[in-house]
Amino acid sequence: MQVGRLSEAIAAFGRSLEACRQSEDWRHVGDTLHHLAVAHAADDRPALARTTWLQAAEAYDRAGAPAEAAAARDDAGQ
């Protein structure tokens, strides 16, 4: 991810996230939140990245993806 384009990436992930939530595609909600968390971390926003990774873990739990949920919690530092 190019540092100068983080705001564009964050906006795009936000749009994707809304579409996934509307269709209740929890696996893709988790994936999108994971990528959004990575973008927040790269944008030097660690608290927001952590919160977003925890949201990803919750989405993965809803999707029945325990390994991905555990990885997201690890990324969040829990």
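The values are calculated or read from the model by the stated rules, or taken from the named source; none is laboratory data. Since the structure is predicted, the reported quantities are computational estimates derived from the model, not experimental observations. Heads up, the Cβs are rebuilt from the backbone with ideal geometry, glycines too, and the neighbour counts pull from every protein chain shown. The protein model used for the area step is the full one, side chains on, heavy atoms only, and it has no ligands, DNA or RNA in it. Shrake-Rupley method; radii C 1.70, N 1.55, O 1.52, S 1.80 Å.
Some values worked out for this structure:
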| item | result |
| --- | --- |
| Relative packing of 67-73, 33-39, which averages over residues the other C-beta atoms within 10 Å, highest first | 33-39, 67-73 |
| Per-residue [θ]222 nm for the chain (sum of -39500 (n - 2.57) over DSSP H runs n ≥ 4, rounded to 500) | -26500 deg cm²/dmol |
| Assigned charges on the beta-carbon of Lys, Arg, Asp, Glu; the chain dipole about Cα centre (debye) | 100 |
| Between helix 46-63 and the chain: long-axis angle, C-alpha atoms, 0 to 90°, nearest 10 | 30 |
| Contact order relative to length of the chain, as percent, for alpha carbon pairs under 8 angstrom and 6 or more apart | 27 |
| Listed residues ALA69, ALA39, ALA57: farthest to the positive end of the dipole of the chain (Cβ charges) | ALA39 |
| Paramagnetic label zone (point 7 Å from Cα along Cα-to-C-beta, GLU18; backbone N under 16 Å) in region 30-71 | 33 |
| Accessible surface of the chain, 1.4 Å probe, proportion on carbon and sulfur as whole % | 50 |
| Cubic angstrom per residue, convex hull over Cα atoms of the chain | 69 |
